[in-house]
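Note sheet for the following structure.
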């Protein structure tokens, strides 16, 4: 009696391991967030190479589509955020887990996400519970700071207007 062992190729010839297909593009994408003034067009090729057209990104527990994700990237660029990849881990051939520190002169946050990879692109990203509110907090901090600055600007303008009216009334 003979035993015949048949092996099948586990990997499709066209499919790459998540670690091989995603790590380089992820690093290139994050390197674009270096705190300098950039246009969204400069990072769009990296977004297209790394993320699926059907990307679902769960930010703070709410799913957003690719277009909203692109707007999020634009917001991060406008605020000259710096991204630092702190950790990357591939639990298997279709899952990636990574931690990124985001910061600028005004805010700092850490995001830890798990992603699903298919056909060499990330198709889904979900924030881990411990950092799930990071993006909401950064938007709140940046927008509140802008609101405070806008409010101060308005008060300064009112004081200047008052000073001008006082000078005009003294001159008359």
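What follows draws every value from the coordinates through simple rules; no lab data is involved. For clarity, every value in this text was computed on a predicted model and none was experimentally measured. Glycine also receives a Cβ, built like all others from the backbone with ideal geometry; neighbour counts cover every protein chain displayed.
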_Along principal axes, Cα extents of the stretch 18-132, largest first, whole Å_ = 36, 30, 25
*Would you mind getting me the FRET efficiency between residue 86 and residue 54? Use the beta-carbon distance for r and R0 = 35 Å, nearest 0.05.*
0.80
*Zone of residue 65 (label point 7 Å along Cα→Cβ, backbone N under 14 Å): which residues in the stretch 36-53?*
53
*Label points 7 Å out from Cα along the Cβ direction at residue 42 and residue 130: separation in nm?*
3.3 nm
